Amino acid sequence: MAKDLNNLFSPININRMTLKNRAVMPAMGTGYGNPDSTVSDRLIAYLERRAAGGVGLIITEVFAVDRRGKGFPSEVGIWDDSFIPGLKRLTEAVHRKGTLIAAQLHHAGRETAEGIVGAKPEAPSPLPSIILRQPCEEMTIERINEVTQAFADAALRAKNAGFDAVEIHGAHGYLVCQFLSPFSNHRTDQYGGSPENRARFALEILEKTRKAVGPDFPVIIRISSDEAVKGGHDLEFSRWLAPKLVEAGADAIHVSLGVYSTPGNLTIASMDVEPGFNLFRAKAIKEVVSVPIIGVGRIHDPRLAEEALSRGDADLISFGRQHLTDPDFLNKARAGNYDDIRFCIACNQGCIERLMFEFKSATCVFNPECGEEYRMDLDPAEKPRTVWVAGAGPAGLSAAMYAAAKGHQVRIFESGSEPGGQLISASMPPHKEGLQQWLAWALRRLAGKGIMPEYNTALTPGDASKGKPDLVICATGAAPLVPPIAGIDTEIVVDARDVLTGITSVTTDPVVILGAGYVGMETADFLIQRGMKVTIIEKAPFPPVNAITAHGYWLHRRLYKSGSLLELGNEIISIEKNLVRVRKQDGSENSIEAGMVINALGAKSRKELTADLKKMGIPTTDVGDSISPRRFLEAIHEGAWAGINIEKTITGEK
Ligand SMILES: Cc1cc2nc3c(=O)[nH]c(=O)nc-3n(C[C@H](O)[C@H](O)[C@H](O)COP(=O)(O)OP(=O)(O)OC[C@H]3O[C@@H](n4cnc5c(N)ncnc54)[C@H](O)[C@@H]3O)c2cc1C
Ligand SMILES: Cc1cc2nc3c(=O)[nH]c(=O)nc-3n(C[C@H](O)[C@H](O)[C@H](O)COP(=O)(O)O)c2cc1C
Ligand code: SF4
């Protein structure tokens with residue numbers, strides 16, 4: 001074992017439960033449950049895979065204690081005994097891998113929708129959720145009693161289904177947190193007003209739960225130690241609350257933060273926030289209680305966890321998204337193989353934002369296996385094939401890795417002098433350097449299989465015709481789009497990617513960026529960091545980068561704070577010497593002074609190679625931006641599936 005992780009890999013007790021180490025996988029909603037709220041084979045396969053990775057305790061995603069408390073359509077239910085057989089299959093699968101598992105008991109309160117719960121959402125006060133804006137109903141005393149009992153009944157059900165512990169979800173703006181908070185609880189009866197009254201709901205849940213499960217069964221409570229929202233409760237309140245939670249029956253406290261409307265989603269903090277930024281709150285809670293404290297928040301590296309444990313900030317550390325990116329990271333760290341760890345970069349694209357804003361199940365951009373464990377065939381191919389990959393961008397590298405893992409003979413051709421494709425420029429703006437880690441990891445993986453991209457070697461149809469590979473995977477990506485705007489070909493116009501990679505240096509103020517998509521906004525961020533002020537011109541009336549996403553929020557904030565401008569509803573007419581002429585939505589024209597103009601108006605797929613190969617009858621398949629310019633998620637996942645499905649693609653099998 002790596003000597004430097006002694007604290008992380010030492011056992012600890014929560015009540016009578018002994019964890020083999022201090023690493024916890026916290027609750028993470030996936031959307032893998034069945035539509036009838038039962039446990040699915042997909043969820044079991046996903047959690048079994050995580051259990052095999054060496055974690056001490058897995059806490060399941062939210063399980064609804066009441067039908068009216070479901071937060072999303074496929075949320076797993078635990079409100080009825082009929083769920084027990086499915087839950088048992090889950091606990092047995094995790095136990096087979098030598099890992100303990102706790103069920104997270106949840107009621108969404110106002111953070112859900114009528115379409116999901118089949119009635120008006122219920123809450124301490126009839127205040128619609130700030131984000132979802134759903135009208136909701138104030139809970140009666142009778143209903144409060146029913147719901148506090150529902151938590152206790154669900155805890156007993158969890159115990160009977162083989163769970164080793166339960167976690168009461170008292171955080172993140174859901175029902176228990178809503179009661180605790182002056183932000184969402186405006187009641188004037190015994191459940192609202194004073195801190196004692198607001199705490200009553202949580203304390204009654206704990207007392208009833210303890211009574212239901214007996215003295216030895218571990219009960220954890222998760223809290224938002226600070227709601228980090230105007231009018232919400234704060235760390236001082238949580239320090240007052242924590243001893244009362246313990247007195248009411250909590251055996252451990254999981255110190256999270258934030259609610260749905262916390263600016264910048266600090267609950268699931270993005271790359272813009274320092275790793276370990278929330279540990280000081282865990283420490284502050286630890287100071288006032290003697291039960292184990294679980295720290296959480298952008299801790300991806302076991303070495304950072306070790307530091308926190310040795311400083312005494314917390315007794316256990318939750319690794320959330322890192323478990324999605326690399327389920328084996330703890331075993332790798334334990335063996336000292338840090339180079340083999342694929343790190344989460346806190347982009348939120350594949351996990352929480354896919355779940356919340358795209359209404360799709362969660363995965364990880366960099367781990368195409370996440371959520372696909374139940375159906376991805378990673379066994380060696382029966383018939384190894386010769387596979388050529390055109391392009392060493394994310395899609396090509398991913399395709400090559402999976403094809404090689406299946407045992408195919410792989411060559412990668414790259415027309416440029418280095419690997420990564422657009423990832424190179426994408427990794428240059430502030431906080432995005434983590435992308436380079438993935439690139440280095442992928443190259444190491446390939447090198448392990450004896451594969452090195454062949455640089456400065458554009459794959460041509462002629463080469464393919466001569467070499468006769470069984471399949472060509474076209475991962476040729478996308479090039480900058482240059483729309484037909486008068487003056488776009490003049491000297492003052494440069495491409496955003498060239499600015500980011502340093503091919504072009506931006507020296508002449510004022511700088512005007514064309515397009516406020518991610519490339520435009522991040523190029524602005526890059527220049528702001530270098531002390532420049534920019535003006536971004538955008539045709540759409542709303543910012544294409546939504547500030548509701550975590551990274552989007554921080555991008556807008558830094559832009560605003562720097563005094564730079566985002567000019568919406570401006571259509572570019574022409575670029576002339578030292579100015580950009582635009583038409584506003586009311587039809588009036590304006591000119592914006594420009595020392596330099598940066599084109600961030602999009603990308604165009606490179607499709608020529610595929611078209612030529614098809615004409616010549618050479619088997620080929622496309623992945624990534626060569627299909628249409630999109631994101632890393634599509635590139636890496638399509639690459640993986642292409643690598644896995646080589647035989648099917650060649651034979652045309654469905
Ligand atoms: C500045 C910037 C920031 C971005 N930020 C993000 C982000 O934060 N999140 C996100 O999800 N996406 C982001 N993107 C988009 C992301 O980079 C792309 O979606 C992704 O790189 C696509 O991968 P790909 O492998 O399909 O194509 P590419 O990355 O374009 O790679 C294609 C490769 O193929 C090579 N090639 C082309 N033709 C041939 C040939 N005939 N033979 C051999 N090689 C060839 C090219 O040289 C290139 O290296 C960003 C893009 C840019 C430009
Ligand atoms: C996709 C996703 C779903 C989540 N769902 C839950 C949940 O069901 N219950 C919960 O308490 N926290 C949930 N969280 C928050 C995580 O438990 C964790 O606190 C957060 O991701 C920060 O930890 P990390 O930086 O290690 O990822 C979720 C996070 C993600 C990424
Ligand atoms: S999608 Fe991004 S934030 Fe989510 S787990 Fe993967 S790397 Fe981390």
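The values are calculated or read from the model by the stated rules, or taken from the named source; none is laboratory data. Keep in mind the model is a prediction, meaning the values are calculated, not measured. We place every Cβ from the backbone using ideal geometry, glycine too, and count neighbours over all the protein chains shown.
Taking the range 470-487 only, how many residues are over 37 Å from the mean Cα position of the chain (by Cα) and buried (at least 16 other Cβ atoms within 10 Å of the Cβ)?
Residues flagged as over 37 Å from the mean Cα position of the chain (by Cα) and buried (at least 16 other Cβ atoms within 10 Å of the Cβ) within the range 470-487 amount to 2.
Within the range 328-344, track down each residue that is in contact with an Asp or Glu (Cβ under 9 Å, 6 or more places away or on another chain) and within 16 Å of ligand 3 (Cβ to nearest atom).
If the condition is that a residue be in contact with an Asp or Glu (Cβ under 9 Å, 6 or more places away or on another chain) and within 16 Å of ligand 3 (Cβ to nearest atom), then Asp328, Phe329, Ile341, Arg342, Phe343, Cys344 are the ones that fit.
Are any of the residues in the range 570-588 modelled with pLDDT of 95 or more and in a helix (DSSP H, G or I)?
Checked against the condition, which is being modelled with pLDDT of 95 or more and in a helix (DSSP H, G or I), the range 570-588 yields no hits at all.
Tell me which residues, restricted to the range 488-524, are among the charged types (D, E, K, R) and surrounded by fewer than 19 Cβ atoms within 10 Å (Cβ to Cβ).
Asp489, Glu491, Asp498, Asp509
Do you know which residues across the range 272-301 are among the charged types (D, E, K, R) and part of a helix (DSSP H, G or I)?
Across the range 272-301, the qualifying residues are Arg281, Lys283, Lys286.
When the residues of the range 590-632 are filtered to those that are out of contact with any strand residue (DSSP E or B) (no Cβ under 8 Å at 6 or more places or on another chain), among the small types (Gly, Ala, Ser) and free of Cβ contacts under 8 Å to residues at least 60 places away in the same chain, which remaining residue is farthest from Thr523 (Cα to Cα)?
Of everything passing the filter in the range 590-632, Gly617 is farthest from Thr523 (Cα to Cα).
Residue by residue, here is whether (1) more than 20 Å from Ile473 (Cα to Cα); (2) buried (at least 24 other Cβ atoms within 10 Å of the Cβ); (3) under 14 Å from the mean Cα position of the chain (by Cα) holds:
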| site | (1), (2), (3) |
| --- | --- |
| Asn367 | no, no, yes |
| Glu372 | yes, no, no |
| Asp377 | no, no, no |
| Pro384 | no, no, no |
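Hey, among the residues in the range 302-353 that are over 17 Å from the mean Cα position of the chain (by Cα) and at positive phi, which one's nearest to ligand 1 (Cβ to nearest atom)?
Here the residue is Gly336.
For Arg49, all conditions in the list (1) surrounded by fewer than 24 Cβ atoms within 10 Å (Cβ to Cβ); (2) within 23 Å of Ile221 (Cα to Cα); (3) touching a residue at least 60 places away in the same chain (Cβ under 8 Å) hold save one; what is the number of the exception?
It fails just one condition, (2).
I need the full set of residues from the range 20-39 which are farther than 18 Å from Gly371 by Cβ and either crowded, with 24+ Cβ neighbours inside 10 Å or modelled with pLDDT under 95 (or both), in order please.
Selection gives Arg22, Ala23, Val24.
Has the range 525-542 got any residue that is part of a helix (DSSP H, G or I) and closer than 20 Å to Thr267 by Cβ?
Pass one, the range 525-542, residues part of a helix (DSSP H, G or I): 525-529.
Checking the rest, the ones that are also closer than 20 Å to Thr267 by Cβ come to none.
Scanning the range 525-542, I find no residue that is part of a helix (DSSP H, G or I) and closer than 20 Å to Thr267 by Cβ, so the answer is no.
I'd like the residue in the range 420-438 that is closer than 17 Å to Ala400 by Cα and touching a helix residue (DSSP H, G or I) at 6+ places or on another chain (Cβ under 6 Å) and, out of all such residues, is nearest to ligand 3 (Cβ to nearest atom).
As a first pass, look at the range 420-438 and keep what is closer than 17 Å to Ala400 by Cα: 420-421, 423, 438.
Checking which are touching a helix residue (DSSP H, G or I) at 6+ places or on another chain (Cβ under 6 Å) leaves us with 420, 423.
Details: Gly420: 17, Leu423: 13 Å.
Only one residue tops the list, namely Leu423.
Which pairs turn up if I take residues in the range 558-574 that are in contact (Cβ under 8 Å) with a residue 40 or more places away in the chain and surrounded by fewer than 16 Cβ atoms within 10 Å (Cβ to Cβ) and look for partners that are acidic (Asp, Glu) and outside any loop (DSSP other than H, G, I, E, B) with beta carbon separation below 6 Å, at least 6 apart in sequence or on another chain?
Note: no pairs meet the criteria.
Among the listed residues Ala362, Ala404, Ala392, Ala400, identify the single one that is in contact (Cβ under 8 Å) with a residue 12 or more places away in the chain, out of contact with any Pro (no Cβ under 9 Å at 6 or more places or on another chain) and more than 16 Å from ligand 2 (Cβ to nearest atom).
Ala404
Give me a count of the residues in the range 77-101 that are assigned to a helix (DSSP H, G or I) and under 14 Å from Ala45 (Cβ atoms).
Going through the range 77-101 one residue at a time, the tally reaches 7.
Within 16 Å of ligand 2 (Cβ to nearest atom) and within 23 Å of Val410 (Cβ to Cβ): is that true of Leu609 in this structure?
Considered against the rule, which asks whether it is within 16 Å of ligand 2 (Cβ to nearest atom) and within 23 Å of Val410 (Cβ to Cβ), Leu609 comes out as no.
Residue check: is Asp377 more than 16 Å from ligand 1 (Cβ to nearest atom), part of a loop (DSSP other than H, G, I, E, B) and not β-branched (Val, Ile, Thr)?
Here the answer is yes, as Asp377 does meet what is asked.
Restricting to the range 102-139, name every residue that is in contact with a strand residue (DSSP E or B) (Cβ under 6 Å, 6 or more places away or on another chain), outside any loop (DSSP other than H, G, I, E, B) and buried (at least 17 other Cβ atoms within 10 Å of the Cβ).
Ala102, Ala103, Gln104, Leu105, His106, Glu122
Tell me the residue from Asn160, Asn145 that is over 30 Å from Ala547 (Cα atoms) and free of Cβ contacts under 8 Å to residues at least 40 places away in the same chain, please. Walk me through it before giving the result.
On the way: Asn160 fails: free of Cβ contacts under 8 Å to residues at least 40 places away in the same chain.
Selected residue: Asn145, the only one of Asn160, Asn145 that is over 30 Å from Ala547 (Cα atoms) and free of Cβ contacts under 8 Å to residues at least 40 places away in the same chain.
Within the range 293-310, can one find any residue that is within 15 Å of Ile58 (Cα to Cα), free of Cβ contacts under 8 Å to residues at least 60 places away in the same chain and surrounded by 24 or more Cβ atoms within 10 Å (Cβ to Cβ)?
Yes, the conditions are met somewhere in the range 293-310.
Exactly one condition in (1) surrounded by fewer than 22 Cβ atoms within 10 Å (Cβ to Cβ); (2) more than 9 Å from ligand 2 (Cβ to nearest atom) is not met by Met356; state its number.
(2)
Tell me which residues, restricted to the range 351-375, are under 19 Å from Ala550 (Cβ atoms), in contact with a Gly (Cβ under 8 Å, 6 or more places away or on another chain) and more than 11 Å from ligand 3 (Cβ to nearest atom).
Lys360
How many residues does the range 354-373 hold that are within 11 Å of ligand 1 (Cβ to nearest atom) and either of a type in the set (Val, Ile, Thr) or in contact with an Asp or Glu (Cβ under 6 Å, 6 or more places away or on another chain) (or both)?
Total satisfying the criteria: 1.
Is there a residue being farther than 19 Å from Asn6 by Cα, surrounded by fewer than 22 Cβ atoms within 10 Å (Cβ to Cβ) and either within 11 Å of ligand 2 (Cβ to nearest atom) or not hydrophobic (A, V, I, L, M, F, W, C) (or both) anywhere in the range 331-341?
Looking through the range 331-341, at least one residue is farther than 19 Å from Asn6 by Cα, surrounded by fewer than 22 Cβ atoms within 10 Å (Cβ to Cβ) and either within 11 Å of ligand 2 (Cβ to nearest atom) or not hydrophobic (A, V, I, L, M, F, W, C) (or both).
If we scan the range 633-648, do we find a residue that is more than 27 Å from Thr363 (Cα to Cα), of a type outside the set (S, T, N, Q) and in contact with a strand residue (DSSP E or B) (Cβ under 7 Å, 6 or more places away or on another chain)? Step through it out loud before you land on a result.
Here is the first cut: in the range 633-648, the residues more than 27 Å from Thr363 (Cα to Cα) are none.
Scanning the range 633-648 turns up no residue that is more than 27 Å from Thr363 (Cα to Cα), of a type outside the set (S, T, N, Q) and in contact with a strand residue (DSSP E or B) (Cβ under 7 Å, 6 or more places away or on another chain).
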